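The values are calculated or read from the model by the stated rules, or taken from the named source; none is laboratory data. The structure displayed is predicted, hence computed values, not measured ones. All Cβ positions, even for glycine, are placed from backbone atoms using ideal geometry, and neighbour counts span all protein chains on display. In case anyone asks, the SASA skips ligands and DNA or RNA and just uses the protein heavy atoms, side chains included. Shrake-Rupley method; radii C 1.70, N 1.55, O 1.52, S 1.80 Å.
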Amino acid sequence: MSATQVATTVDLIIEEYPYMKTDDFKLCFKNAMKMKYGNIYNRIDGQVIMSWLREYNKERCAVADNQSWNFYKENLSEEVSYTSGLSYEEYRNELKLRVEQGDEEAAKALSLSNEIISYLNKRENGKQEADGDNLLEH
């Protein structure tokens, strides 16, 4: 390659791949020497170098996408485990424990829960009472 071809190729590389670091170029050319991007048939010019960089960039982006997806999946599974919450029965058991420790707010919540369950059971059995409609106004 002449000095002009080298300068033109460098300008193209800077224009197309401004985000690449020295290690990227080192790895790209190392892979090219291993013929990972195909044979060059005793020819090297700007077109060959740009084709190597294009292939390297595809691999680089695929690896970055894969890492990003794996990171997302790991964080999603952690997020799901934090937000899984309690079942209603577990909530009621927690309220019962707090009532035994003297928590008045828990006693009110447990009492309301008992009333709601009683109301729903009566309703299920077709024994809804006239004042049951006003139950949720407490």
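Yes or no: the stretch 11-28 includes at least one residue that is polar (S, T, N, Q) and surrounded by 10 or more Cβ atoms within 10 Å (Cβ to Cβ).
Restricting attention to the stretch 11-28, the residues satisfying the condition of being polar (S, T, N, Q) are 22.
With the extra rule that they be surrounded by 10 or more Cβ atoms within 10 Å (Cβ to Cβ), the set shrinks to none.
No: zero hits.
Under 32 Å from the mean Cα position of the chain (by Cα), of a type in the set (Val, Ile, Thr) and on the phi < 0 side of the Ramachandran plot: is that true of residue 9 in this structure?
No.
Collect the residues in the stretch 8-62 that are free of Cβ contacts under 8 Å to residues at least 24 places away in the same chain and basic (Lys, Arg), keeping them in residue-number order.
21, 26, 30, 34, 36, 43, 54, 58 - these are the residues of the stretch 8-62 that are free of Cβ contacts under 8 Å to residues at least 24 places away in the same chain and basic (Lys, Arg).
If the Cβ limit is 8 Å and pairs must be 6+ apart or interchain, which residue in the stretch 63-87 that is open to solvent by 90 Å² or more (accessible area, probe 1.4 Å) pairs with which residue that is at pLDDT below 80?
Hits for this filter: zero, empty list.
So, residue 108, is that one in a helix (DSSP H, G or I), surrounded by 10 or more Cβ atoms within 10 Å (Cβ to Cβ), of a type in the set (D, E, K, R) and at pLDDT below 90 or not?
no
Just to verify a result, which residue in the stretch 32-59, among those that are in contact with a helix residue (DSSP H, G or I) (Cβ under 7 Å, 6 or more places away or on another chain) and surrounded by 16 or more Cβ atoms within 10 Å (Cβ to Cβ), is nearest to residue 2 (Cα to Cα)?
In this case the residue turns out to be 46.
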